[in-house]
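The values are calculated or read from the model by the stated rules, or taken from the named source; none is laboratory data. Predicted model only: the values in this text are computed from it and were never measured. Backbone-built Cβ (ideal geometry, glycine too); neighbour counts: all protein chains shown.
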């Protein structure tokens with residue numbers, strides 16, 4: 001099987017100023033193409049450390065993909081380094097130069113500066129990979145049967161290059177074996193509970209099928225991976241095992257694809273021709289954001305109200321002042337009134353209302369940080385549920401959103 | 001200077017199912033403590049590949065921090081591997097066992113299963129690092145003067161361990177030299193324009209001070225890093241250079257700290273004792289989410305309306321049906337009516353209203369994907385601005401939010 005290493009370059013990755021999303025994205029694309037990512041390495045903008053990384057990854061993998069360090073600024077040393085590493089000399093590439101001029105004159109509508117022109121220089125022993133989304137060209141080098149491809153660190157530019165060129169080049173070069181993955185998602189119990197249910201199943205799996213547990217925000221994703229030469233045979237084998245696994249965890253099963261909770265909700269609403277709306281206090285628009293981040297969400301989503309303050313709950317959702325005073329904003333009564341008020345204000349079939357204390361401040365003796373009330377329902381029925389989360393603000397917001405969406409999912413399935 | 005390597009373990013990192021946020025977070029903490037992260041490596045749940053990574057990183061660094069592969073499920077092989085690597089044997093650790101029992105009985109309120117008890121087993125030649133947030137204990141090994149620390153992959157658990165124990169242990173062990181960083185943020189022009197402004201400045205920097213460019217979403221972060229033995233001396237030197245740099249880029253300067261745009265807005269509002277509210281169409285609650293993700297945002301934020309559909313724009317913001325029909329939802333007229341309607345519905349000093357086409361579908365001949373109208377203002381004055389973004393849905397949403405917040409920032413500074 002063909003192995004790949006991904007090297008991401010940049011001091012920002014090593015001081016933690018930037019999260020490396022590039023290598024996860026590249027890994028997904030390689031995986032789909034049947035190329036296994038063996039290692040991912042990040043190094044700083046330091047000549048010797050980049051050089052060493054190239055030497056070392058050559059020992060591990062057939063394909064070495066490199067991102068970062070190609071900008072016009074002087075902390076970007078990857079291009080001259082690669083030129084030296086592969087023994088070339090720098091020349092102006094005509095196609096890359098035309099691209100730089102085109103982008104500045106036609107798209108950015110700014111004058112081209114001296115450092116922009118430098119972007120069109122490449123080592124003379126590389127094959128240029130065009131960048132349709134930016135000024136820095138990609139570069140492909142070959143050495144001892146190994147392929148090295150250097151791409152910009154800007155995610156949007158790198159992604160265009162991988163989709164339009166890199167995968168095609170790699171598939172022509174390497175005859176990759178088949179990988180199949182199937183993932184299902186459980187919600188509401190921990191990894192160890194699921195592991196106990198699947199203990200026997202896992203022991204009986206054939207050697208070429210692997211099971212992985214990926215716990216995250218109340219969900220556990222269970223991924224089966226099968227590898228082999230015959231794509232159809234491993235496809236059939238993995239499907240049989242997947243059905244068995246589904247049956248074993250059916251009590252907690254929420255999806256049989258690697259889907260997000262919001263996508264599950266969107267598919268459910270789309271199938272039923274219904275719409276949802278949210279009234280959010282503590283999640284501050286995060287649930288609305290998750291729903292609207294999905295393309296096509298306007299088919300099943302109309303709008304939301306974020307009512308952070310008492311005043312906004314009264315103004316925008318007609319929550320009664322007396323209810324707020326008597327029970328406090330984080331209470332069953334208030335989330336029920338928020339949901340009811342929302343359904344009156346907006347034309348939606350289902351409502352989600354949430355109110356809670358996300359921290360770090362705002363906790364009360366009887367309502368500590370992490371206390372959340374959620375109501376979901378429709379014009380005929382509203383159900384409410386209290387949660388306690390024990391985490392920091394960010395994670396409490398995310399968990400509240402996931403659990404609120406899951407409550408709606410159950411409501412839709414049970415009240416149809 | 002003391003060097004560290006971070007090894008993150010898990011197949012999910014190599015097929016791109018999960019983004020590695022752990023190593024960025026750890027890198028931040030080490031950096032603050034004056035320990036340089038030299039390399040970050042991710043490997044799969046494969047015995048030989050983890051073993052090789054330990055061998056290799058020992059050649060690069062004094063400290064090797066490891067996350068992942070400590071769960072109770074059988075794809076988690078890190079613990080037995082470490083036991084063998086350092087030549088120990090597995091024993092039950094009493095403190096870890098008490099912790100497992102405590103968490104299940106008192107916190108999770110679930111019965112302890114067999115796989116949970118396994119969590120309390122550790123190699124007999126490690127020092128246990130307590131996990132106050134989960135069942136898997138941390139483990140510290142020493143070999144040839146190098147320190148190896150293995151931690152769980154669950155971010156919340158790992159973070160507790162690093163904050164409470166790991167940094168302290170490393171600082172006692174290694175006499176780290178000082179690192180100072182200072183970052184400022186520019187908005188509205190690209191990396192190369194800034195680079196041209198700073199070309200001379202950068203050439204004149206002393207050797208122990210480094211400048212890095214971090215472009216992201218219309219912003220460019222400029223980071224100066226100084227390293228040396230004398231903390232006070234490098235502090236003084238970096239501050240002098242920072243003032244010079246500030247002056248050179250002042251036209252585009254928006255912040256003199258490594259702050260997010262939403263934090264800049266929050267600080268501005270807090271200082272003025274004013275509040276903001278948002279009326280969001282295409283951003284679907286994302287701006288509200290950014291603002292409310294900040295602790296303490298209730299001091300300057302009341303609420304928002306997400307009006308995705310025509311109906312919601314009319315119902316929630318009193319946008320006139322005729323305006324929508326005549327000009328379309330993505331128009332100057334509509335965002336102005338959204339902002340005005342919002343300020344009537346909600347008690348806020350400033351309003352942001354956005355409407356646009358985020359893609360992939362929904363583009364029109366005269367309004368292609370990426371067309372966005374933004375209005376910002378107060379009860380006396382509203383200004384509107386049209387943007388064109390050229391990216392995918394996710395990036396268009398993020399860019400719209402950043403530019404809308406920046407428009408408000410300028411409005412507040414100019415209309416006070």
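Check whether at least one residue in segment B:14-22 is surrounded by 17 or more Cβ atoms within 10 Å (Cβ to Cβ), in contact (Cβ under 8 Å) with a residue 60 or more places away in the chain and closer than 15 Å to residue B:147 by Cβ, and report yes or no.
no
Looking at segment A:264-290, which of its residues are at the interface with chain B (Cβ under 7 Å from one of its Cβ atoms) and in contact (Cβ under 8 Å) with a residue 12 or more places away in the chain?
Initial filter on segment A:264-290 (at the interface with chain B (Cβ under 7 Å from one of its Cβ atoms)): A:284-286, A:288-289.
Listed by number, the residues that qualify are A:284, A:285, A:286, A:288.
So how many residues does segment A:379-411 have that are out of contact with any helix residue (DSSP H, G or I) (no Cβ under 9 Å at 6 or more places or on another chain), away from every other protein chain (no Cβ under 14 Å) and under 15 Å from residue A:332 (Cβ atoms)?
Residues flagged as out of contact with any helix residue (DSSP H, G or I) (no Cβ under 9 Å at 6 or more places or on another chain), away from every other protein chain (no Cβ under 14 Å) and under 15 Å from residue A:332 (Cβ atoms) within segment A:379-411 amount to 1.
Go through (1) at pLDDT 90 or above; (2) more than 8 Å from every other protein chain (Cβ to nearest Cβ); (3) within 29 Å of the chain's Cα centre (by Cα) for residue B:124 and report which single condition fails.
Unmet condition: (3).
Report, by residue number, each residue of segment B:196-208 that is touching a residue at least 12 places away in the same chain (Cβ under 8 Å) and within 12 Å of chain A (Cβ to nearest Cβ).
Correct list: B:197, B:198, B:201, B:205.
Quick one: would you say residue B:178 is facing another protein chain (nearest Cβ under 8 Å), in contact with a helix residue (DSSP H, G or I) (Cβ under 9 Å, 6 or more places away or on another chain) and closer than 25 Å to residue B:6 by Cα?
Details: facing another protein chain (nearest Cβ under 8 Å): no; in contact with a helix residue (DSSP H, G or I) (Cβ under 9 Å, 6 or more places away or on another chain): yes; closer than 25 Å to residue B:6 by Cα: yes.
Spelling it out, it is not the case that residue B:178 is facing another protein chain (nearest Cβ under 8 Å), in contact with a helix residue (DSSP H, G or I) (Cβ under 9 Å, 6 or more places away or on another chain) and closer than 25 Å to residue B:6 by Cα.
If you go through segment A:327-342 one residue at a time, how many are surrounded by fewer than 21 Cβ atoms within 10 Å (Cβ to Cβ) and assigned to a helix (DSSP H, G or I)?
Counting residues in segment A:327-342 that are surrounded by fewer than 21 Cβ atoms within 10 Å (Cβ to Cβ) and assigned to a helix (DSSP H, G or I) gives 5.
Quick test of your reading of the structure: residue A:258 fulfils all but one of (1) facing another protein chain (nearest Cβ under 8 Å); (2) modelled with pLDDT of 95 or more; (3) touching a strand residue (DSSP E or B) at 6+ places or on another chain (Cβ under 6 Å). Name the failing condition by number.
For residue A:258, the exception is condition (2).
Filtering segment A:68-102 down to residues that are surrounded by 21 or more Cβ atoms within 10 Å (Cβ to Cβ) and at positive phi, which residue is modelled with the lowest pLDDT?
If we take residues in segment A:68-102 being surrounded by 21 or more Cβ atoms within 10 Å (Cβ to Cβ) and at positive phi, then A:69 is modelled with the lowest pLDDT.
Specify the residue that is farthest from residue B:374 (Cα to Cα); the eligible residues are those in segment B:295-323 that are more than 7 Å from chain A (Cβ to nearest Cβ) and crowded, with 19+ Cβ neighbours inside 10 Å.
Among those residues, the one meeting the criterion is B:297.
Of all residues in segment B:46-96 being at the interface with another protein chain (Cβ under 10 Å from one of its Cβ atoms) and not in a helix (DSSP H, G or I), which is farthest from the chain's Cα centre (by Cα)?
Looking at the filtered set, the residue picked out is B:74.
With respect to the numbered conditions (1) surrounded by 21 or more Cβ atoms within 10 Å (Cβ to Cβ); (2) part of a helix (DSSP H, G or I), which one is the sole condition not fulfilled by residue B:122?
Tallying (1) surrounded by 21 or more Cβ atoms within 10 Å (Cβ to Cβ); (2) part of a helix (DSSP H, G or I), residue B:122 fails exactly one: (2).
Which numbered condition in (1) within 7 Å of chain B (Cβ to nearest Cβ); (2) touching a residue at least 40 places away in the same chain (Cβ under 8 Å); (3) crowded, with 22+ Cβ neighbours inside 10 Å is the only one that residue A:41 fails?
Single failed check for residue A:41: (2).
Taking the condition of being closer than 30 Å to residue A:198 by Cα and not in a loop (DSSP other than H, G, I, E, B), how many residues in segment B:23-45 meet it?
Residues in segment B:23-45 being closer than 30 Å to residue A:198 by Cα and not in a loop (DSSP other than H, G, I, E, B): 2 in total.
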